[in-house]
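Each remark here refers to the structure printed beneath this line.
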Amino acid sequence: MQENNIKGIEIIGIAKDENRTAGEERLFVLSQNIMLKPESNSLLSHMTQFIRNEAHRFAITGHRKALAKSRKKSLLEGIDGIGEKRRADLLNHFGGLQGLKKASVEDLMKIKGISSEIAQNLYAHLH
């Protein structure tokens, strides 16, 4: 925050105790360099647990979205010279990704539009 010249925002960290017990969280106030331990059943303790749980839910949801997006992405995306059409042609010709991985550079060059350079890049990417 200092690097970006952001001021006037209090930074507080939340951590569970050594046994990771809910209700035993500690608050770390960065600007004052202090640690607070709310009473176990207090309103502050419940609010701290709620904030921590929401932060975890937010992070997990984002992680799941990113993972789902990466699963939809083809291993062949991002290879120079391999667009949607060539990707489909390659997968159809070799019967899928496993067959494509077994293909040699020479096998790859037999596909219309696949030059020696593209075949070598593709082979290197897959291996």
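Brief remarks on what is shown
- Every pair of residues 6+ apart whose Cβ atoms lie under 8 Å, when the first sits in segment 100-123 and is assigned to a helix (DSSP H, G or I) while the second is small (Gly, Ala, Ser) and crowded, with 19+ Cβ neighbours inside 10 Å: 105/119; 106/119; 108/119; 109/119; 123/103
- From 62, 81, 96, 113, residue being among the small types (Gly, Ala, Ser) and under 25 Å from the mean Cα position of the chain (by Cα): 62
- Residue satisfying condition, being modelled with pLDDT of 85 or more and in contact with a helix residue (DSSP H, G or I) (Cβ under 7 Å, 6 or more places away or on another chain), within set 104, 116: 116
- Residue match in segment 66-75 (condition: closer than 30 Å to residue 117 by Cβ, surrounded by 11 or more Cβ atoms within 10 Å (Cβ to Cβ) and out of contact with any Cys (no Cβ under 6 Å at 6 or more places or on another chain)): yes
- From 47, 35, residue being surrounded by 11 or more Cβ atoms within 10 Å (Cβ to Cβ), closer than 30 Å to residue 23 by Cα and either in contact with a strand residue (DSSP E or B) (Cβ under 6 Å, 6 or more places away or on another chain) or acidic (Asp, Glu) (or both): 35
- Candidates 68, 55, filtered to the one that is of a type outside the set (D, E, K, R) and under 16 Å from the mean Cα position of the chain (by Cα): 68
The values are calculated or read from the model by the stated rules, or taken from the named source; none is laboratory data. None of these values were measured; they are calculated from a predicted model. Reconstructed Cβ throughout: ideal geometry from the backbone, glycine too, with neighbour counts over all protein chains shown.
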